[in-house]
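Working notes, beginning with the structure itself.
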Amino acid sequence: MTKEAFKTITLDSPIKRGDTEITEITLRRPLGGDLRGLTLIDVSMAKVDALSTLLPRITTPVIHANDVKQMDAADLMDIGLEVADFFTKAKFTAKAAESDATPTE
């Protein structure tokens, strides 16, 4: 039972870099080295400063700290939630899916 190593997010408000417009970002599951200098609590709480440091390390195309600071709040929240989901172990995700599928009366 493994979790996805990549997640793709479609932005509501594209990031503009000159003539280029970024409409999708792919996140890679962070490795230990990607988290250097950060606290897991700050990352899992989607704190903007933590995301500004982490996202350039795990995004394709690379989203720079300045891009994060200019990003639409809804897109940043979506990305933050997806990043936080990387920190949930697969066994807990499977249990949650089972309980969601179990009818209750």
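The values are calculated or read from the model by the stated rules, or taken from the named source; none is laboratory data. Note that the structure is predicted; figures quoted are calculated from it, not measured. Methodologically, a virtual Cβ is constructed for each residue, glycine included, from the backbone with ideal geometry; neighbour enumeration extends over all protein chains shown.
Tabulated data for the structure shown
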read-out	value
Residues within segment 10-28 that are crowded, with 16+ Cβ neighbours inside 10 Å and more than 17 Å from K69 (Cα to Cα), tallied	1
Flag if D100 is among the charged types (D, E, K, R), loosely packed, with under 14 Cβ neighbours inside 10 Å and either at pLDDT below 90 or in a helix (DSSP H, G or I) (or both)	yes
Residue list for segment 1-38, filter: without any contact (Cβ under 8 Å) to a residue 12 or more places away in the chain, more than 15 Å from the chain's Cα centre (by Cα) and not in a strand (DSSP E or B)	G18, D19, G32, G33, R36
